Structure formats: structure tokens, C-alpha cells
1. When the Kirkwood radius is taken over all Cα pairs of the chain, what Stokes-Einstein diffusion coefficient follows at 25 °C and 0.890 mPa s, in µm²/s?
2. Taking the Cα centre as origin and putting +1 on Lys and Arg beta-carbons and -1 on Asp and Glu beta-carbons, what dipole magnitude results for the chain, to the nearest 20 debye?
3. What is the Cα radius of gyration of region 1-85 over 2.2 N^0.38 Å, N being its residue count?
4. Based on the Cβ-Cβ distance from Asn373 to Tyr301, what FRET efficiency comes out when R0 is 41 Å, to the nearest 0.05?
5. Taking 0.36 nm per residue of sequence separation and subtracting the Cα-Cα distance, how much length would be gained by fully extending the chain between Glu80 and Val429, in nm to one decimal?
6. Just going by the charge dipole of the chain, with Lys and Arg at +1 and Asp and Glu at -1 on Cβ, which of Val72, His364, Val247 is farthest out on the positive end?
7. For Lys258, list the aspartates and glutamates whose Cα falls under 12 Å from its own Cα; do not include residues on the same chain fewer than 8 positions away.
8. Calculate, in nm to one decimal, what Ala104 and Ser207 gain on full extension: separation in residues at 0.36 nm each, minus their alpha carbon distance.
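Where a number appears in this text, it was derived from the coordinates with a stated rule and is not lab data. Model, not experiment: these values are computed from the prediction. With ideal geometry, Cβ positions are generated from the backbone for all residues, glycine too; neighbour counts draw on all protein chains shown.
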Amino acid sequence: SLFSYDIQSVGNITDFIWTRQAVAGISNPATQGQGNRIDEVLNNTMDHPVNVTYVVSPLNPLNCPVVDGNLVVTVNPRPEIINNPQDDGACPGGTASFSVIANAATIGYQWQVRNAAGQFENIDVNDPVYSGVNTGTLTLTGVTEVMDQKEYRCVVTSICGASVVDVSSVARLTVHQLPLPVLPPQFVDVCPGTPIILTPGVFSNSSYIWEKNGEVLPFETNDTLLVNATEDATYTVTVAHNICGNVAPVSTEIKVIKFVSLGVRTSDSCADYTSTLTPVVLQGDQPVEVFVWTIGSSAYYTSSNVPDLTHMFTSMGIHPVRIEAYYNSCQIGDTVVNIVMNDCSIKLTNTFTPNGDGVNDTWHIPNMHNYPNAKVQIFNRWGEYVYESTNGYVEEWDGTVNGKQCEEGVYYYVIILNKDSESGGNTGVYKGSLTLIR
């Protein structure tokens, strides 16, 4: 502390000799001086006041000492911070505090915060966020994220006033950033088996709890979850902050496209081994957008609007046909069916024996059942009709006309298969003679 004193006496004496001995608790060594003023900076190293005595001797004009006087000065200790504040942290809305411990000479505390300009300023005692602004402990209540990394210090004073202070080291507030996990609300029309990586965000000081359809996945604790989408499911993640606790869980729903079971319905036109193939969904209700047909080395595409495929095979026999179903570019069905192409050509004989013995009693034409639109006409030698059918050859000619047996002999036929009747054409015409023998 700075000690200044003007020495005065009765009379005209203006010059003095003063001495001060070394005193325990005062770091200054013994000293002396001459004049009418004492100026010294006395340093009290104790935590309590220490008295210092100055012996003052006036000098007469002949420089001879006269009666001495004693001046007792009480040197108060400096305020001193013994323990500095430590950094602290809090969750948003939580509480933090900073504390100092000062020596006994300290009678005043003022906490300060570093402002945006980088300067420390006194904290207002009326600020609702702070309490204990003028005590050894500063408490912060309801901290917010904007307070993150703010710096604080404490200035302590003694009875010597604001000119003699001690300033603590700087302590920093950390406001823990709460995790804000985010997942897409839905994954719709996911191809079966598609890998999906769920990432709610990477957060420090946090752990992850994953659930599938409400059941905890015990071995999944990372910040990402790999899902092989094979079924509809809801996945939920809860992020647990190691200090601030759990945050509200977030969920996502995965909708997987379903598989279907396929079959093929055939319609054999018996026209040059041409068949109409119709896809059939045997099981499943998933819509189909595209059918892919593979016959031999060729691929064909049909849509759900026009699903049928008309194909001309190269020969009769068994032909494997692969059919795949797709929705949203995902394969949802795949099967192979065998398409059998029979010999549809009719076999015409020129003789039959309608004698009632049960053998060859009608004129039988093999494969005529394949031509339901065929027209068959039979004439006698005078050009008269003895048989006519316009809707296929279902009832074979038994050698009678209007219930009466026809004579033995040669008859003539005209067969129009009408195998392309749907387009209006008349193709496949056969003409020839037939002998009736009894």
C-alpha cells in the first residue's frame, strides 16, 4: 500500500529525520529519510493488519535534533484470490456456477463477463440470469446456447478501496449442445433387399438407442443403422446425451414393395405355332407395372395396361418362358413356365365306314377341335349338301342327311379353318374327296 504523510511541527521547523525499522509481515527492509514528507509503498504479506512505527526527529536551524515523535501506521493486507474459478458446463436451461476463494482482507466481490468487444464489464446485479454477482460464487440459471463459451472473472477489493484489487483468472462456460436427431419420415416403395443407411446425425458426448417396431436392437449403438429392407417396419432412434440425458426419439417408416407369385395362361390359336401368353398373379396384391418375357435369347416387354404377349414359336414341343414382374423398377416376381406347342394341323382321311360296328363310324378329322370357327361342308356328286357346320366340327358326319343314310360312294368336302377369323380373314382352306363305304 502507498503511504504518504506530510510532517509538521510547532514552530518554524521544516526539516525532519525519520526512521523505520523492519517489521514482521512487512516485506520492506528498514529505512530512513530526511525532509518534511514520507512516501513509501508498504507491502503487507499477512492476511491481517500490521502496525509500522516511524520515528520522526525535528531538526533545529543548527541541525541539532530535538524531541522525537512516533508515527504509527496500520498497513492493511492486500486482497488476494487464493483459489481461481474453474470452467463449468451446463445443459440448455440448466445451471452453472463459478467460485473464488479470497483471503481475509477481501471485503468486496464483483463478477465480470467478457462482452462482444472483448472487454470485461461488470455484471448487472439485476440481470435475472445471474445471482451472487457480489459474492464469492456466481450462479447462472436458465443458461441458453447463445451463452456458450462466454468468459467470466472476479475482481476482489479490500478496505483500501478500488485502487487495491486482485483479479481472478478467466473461467469459461460451455453450454452443451443437445442432439437434434433427424430421420426422413418415410421410405416408400423400397425394393426388397435394398440397403438403407439411417443417419440421425453425429453428436458428441452421446450414445444411440435403436428400436425396430418398438423393440430395442441390443447390438446397435452406433450413430448409423444399416437396414436391409425386406419387410415393412418402423425404426426409432433415441439419442442419449451423456450429460443432459435423452432427447425426444425420432422415427422413420420403411414401406417395402411386396413379392408376387406369377403364372401364365395360354391361348393357342394354332396359327403357325402362335400363342397368346397372359400373365397371372397367383399370390400377392402388389401392383405390377411391367412384365418382362424372355423366350430363348429374346426379351419382350408388356405393361399392366396391355399385359398379354402374342408370340410365334419356331416349332412344336416344350418351350420354357421366363416371366418377371416389376414395380417402380424393382423385380417383384420371377418364374419360368413351360409352354407346350402341339401340332395343330388337321389330318384328313379319305375313307370312313358308318356300318355301326363302332369303328370308323364317323368321318373323324384329328385336331379339328383347335379350330372352333371352322366351316365344314360336304356335298354329294350332284353338288347337294349332305353336311354343313359353321362353328367348328363338333358333331362329326356319320354318313346321314336329315336322318337318312347316304349311299355309298364318293363325296366332296370344303373345309375353311377360319384360323384368323378375329381379323376377318379366311385362311386355311382344304378341298378334296371322301369315300363312304358300308
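1. The estimated diffusion coefficient comes to 71 µm²/s.
2. With Lys and Arg at +1 and Asp and Glu at -1, about 460 debye.
3. 1.31
4. For Asn373 and Tyr301, the calculated efficiency is 0.85.
5. Taking Glu80 through Val429 to full extension adds about 113.2 nm, to one decimal.
6. The listed residue farthest towards the positive side: Val72.
7. Asp189, Glu231, Asp232, Asp285
8. Stretched fully, the Ala104-Ser207 segment lengthens by 32.4 nm.
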